[in-house]
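S.K.: Questions regarding the structure given below will be posed in turn.
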């Protein structure tokens, strides 16, 4: 009889334990979701969803247009943990289009003014004295559209193949001239960090495999931003921890982006 009671009691305790475990696991997931929401922002800049055209962020610092209004600056600074600095490129606010960077270095076009370059040097010295700045005199100078990179690899357009070695020295990663999805702007049709990469929906499986090998990330998937736009970097600004997405990004787009990039 005592054995029967023991079995019933043990079974009861097991059910209670399982329920407690499920509740604790649910609380952990809720906490994780809350933490994620603190690092993710859906936003517009200058009334546009193409926030990637204006911002440039890596795992050490970020750049934003010096003409942004105060409330926008506060939103950006509260989203990213890294220091954010104001800048322009030849008086242009299109920092995300003109620059490409990682934690090792940044590429800027030769049209950058001397005073702007001096500001950039000052900013990078505040972060790390060894940071590299590469100023390239190329006819094709929208480097944000031409370069897709993280801290482990870089994919550049064939338009920049003559600058491959110089880019590799600045970014301090393996650099490969490679085009995918029948497009010569890898930085425009892709967005990545050190966890994963999202690319144009027309990217083939063999191309996805090669992208994974170059950037040294386990997960590469196709996606869009801002309700079907395949130019991912226009609607997403990310590093390994934080992100800002265009306000028009849908729920499914956000889910895919955040899952692959692990933010």
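The values are calculated or read from the model by the stated rules, or taken from the named source; none is laboratory data. Keep in mind the model is a prediction, meaning the values are calculated, not measured. Heads up, the Cβs are rebuilt from the backbone with ideal geometry, glycines too, and the neighbour counts pull from every protein chain shown.
S.K.: Let me confirm something: among 234, 204, which residue is assigned by TED's automatic domain parsing to the domain that holds residue 98 and touching a residue at least 40 places away in the same chain (Cβ under 8 Å)?
M.R.: Working: 204 fails: touching a residue at least 40 places away in the same chain (Cβ under 8 Å).
None of the other options fit; the residue is 234.
S.K.: So, one more: Can you pull out the residues in segment 76-115 that are under 20 Å from residue 40 (Cα atoms) and without any contact (Cβ under 8 Å) to a residue 60 or more places away in the chain?
M.R.: Those that are under 20 Å from residue 40 (Cα atoms) and without any contact (Cβ under 8 Å) to a residue 60 or more places away in the chain: 77, 78, 83, 84, 85.
S.K.: Let me ask something else about it. If we only count helices (runs of 4 or more DSSP H) wholly inside segment 116-230, which ones have 3 or more residues that are closer than 20 Å to residue 94 by Cα and modelled with pLDDT of 95 or more?
M.R.: The helices (runs of 4 or more DSSP H) meeting that bar are 143-146.
S.K.: Can I ask one more? Considering every residue within segment 105-114, establish whether at least one is in a helix (DSSP H, G or I) and modelled with pLDDT of 95 or more. Please lay out each step first, then the result.
M.R.: Taking segment 105-114 and keeping what is in a helix (DSSP H, G or I), we get 114.
In the following step, the residues that additionally are modelled with pLDDT of 95 or more were identified as 114.
Yes, because at least one residue in segment 105-114 is in a helix (DSSP H, G or I) and modelled with pLDDT of 95 or more.
S.K.: Right, next: Residue check, residue 225 against (1) buried (at least 17 other Cβ atoms within 10 Å of the Cβ); (2) touching a helix residue (DSSP H, G or I) at 6+ places or on another chain (Cβ under 7 Å); (3) closer than 23 Å to residue 105 by Cβ, all met but one. Which one?
M.R.: (3)
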